[in-house]
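Computed from the coordinates by the stated procedures, all read-outs in this text should not be read as laboratory data. In this text, all values refer to a predicted model and were calculated from it rather than measured experimentally. Here the Cβ positions follow ideal geometry from the backbone for every residue, glycine too, while neighbour counts run over all protein chains shown.
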């Protein structure tokens, strides 16, 4: 099969994590990242299956907008100088604060280096992290993560602190166990100012959870969603897609979510990335790419969702994500809205030129739209008052009906690991993590680990896929 070079870029060697030259290469209907380390040899990893969509996605072009503030200097070059450094090309949109490394699960698949023997940062340290982020704009969306953040009894105080410092959108990334089991807990989080629950949700059978999370959790997930609904908390279901385990459950996950609208606001798929210690590189069969997720959404929903309903991100690199925005009618039917453009982006064309996308301290219009979209569409529906309803123009009956439909989003984000890391994509990352040493690090760089499990930024610990 003949190979054709599409572009040159840079990556890292998955053995030593040193920067190496790389190429995006088309073979048949797939695109591969090919790279070679002088010491450890050649590596080739599939990054996209579907050459037509690859070219269409690339037509969107770059949305580069350097962040208004940087904290580190360029010394060794990307990805070794994160903090953010002057080479980074996108504002922050969603910033993760890992408020604990403790967890109440032992998932075989985990982004974080969860460990029970680590001390949690205290409230004063978390405040210092938030103060650091103030220079990057109070519009930032904050995700409290871990580990399992609900293990902290002071999580409501952390939420209150975050809101008091002017951050207008706060969500937690959780497995849902405490939400399901503790009466009144969801309401306490709402009262503290929580907007949204980013709920780990890998399938609709206990067999899937046993494989991916090491426990039978379906009943827990259902109860967590029910309690969030009762408390008025919006929920985003977050499946990690693992070939051979739960890819065939994509349609069932969507149906499960639709049956729980409006409490469930979205499903955000995450194709598995490979972090941690591995005896050998993951095979291409161990990966599912974004166009394959879109194709499965269309096939497994019987065409109710179409691949054409989705668009790439408006702020991050085009190959990082897709999103589709839909309306759910009273009969449960889906109707595509104008294509949205990111897992945290506004519908395409919204306020396209509301602010210059430049690095002069003015927020990127694309990143700002991304933040607004999450805040508007991932929180629970709020009942409208009589005064608000009086202001609705009902001259168009269609518009009146549309107002009574619920919005619903389907999205995916493909995080990168040491085998498929493309530094061009990494430099345009807008999902960042505040590290314990108070640096702001792109998510994929923060979680990056070598074949032996060594990390550039995480405190050394056992990290798996």
Note to self: Once you keep just the Cα pairs under 8 angstrom separated by 6 or more residues, what percentage relative contact order results for region 3-58?
What the structure shows: 26
Check: Where does each of 19, 227 land when they are ranked from fewest to most other beta-carbon atoms within 10 angstrom?
Finding: 19, 227
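Order by neighbour count: 131, 304, fewest other Cβ atoms within 10 Å first, most last. Mind dumping the intermediate values first?
Details: 131 11, 304 19.
Going from sparsest to densest Cβ surroundings: 131, 304.
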Item checked: Length gained when the stretch residue 252-residue 284 is fully extended (0.36 nm per residue, less Cα-Cα span) -> 9.0 nm
Note to self: For q values of 0.13, 0.14, 0.21 Å⁻¹, compute log₁₀ I(q)/I(0) with the Debye formula on a Cα-only model of region 3-58, without solvent.
What the structure shows: -0.33, -0.37, -0.74
Notebook entry, point to check: What ranking of 55, 268 emerges when the number of other C-beta atoms within 10 Å of each C-beta is taken as an exposure proxy, fewest first?
Noted result: 55, 268
Check: Any idea how far the Cα center of region 152-186 sits from the one of region 35-64, in Å?
Finding: 38
Item checked: Within region 11-49, backbone nitrogen closer than 18 Å to the virtual label 7 Å beyond the Cα of residue 76 toward Cβ -> 11-21, 37-40
Note to self: Between residue 132 and residue 336, what is the label-point separation in nm under the 7 Å Cα-to-beta-carbon projection?
What the structure shows: 4.2
Checklist line | Highest average packing first - 196-202, 161-167, 294-300, Cβ atoms within 10 Å | finding: 196-202, 294-300, 161-167
Notebook entry, point to check: Rg and Dmax of region 81-191, using alpha carbons, in Å: what are they?
Noted result: 14.7, 48
Check: By how many nm would the segment from residue 1 to residue 52 grow when fully extended, if each residue of separation counts as 0.36 nm and the alpha-carbon distance is taken off?
Finding: 16.6 nm
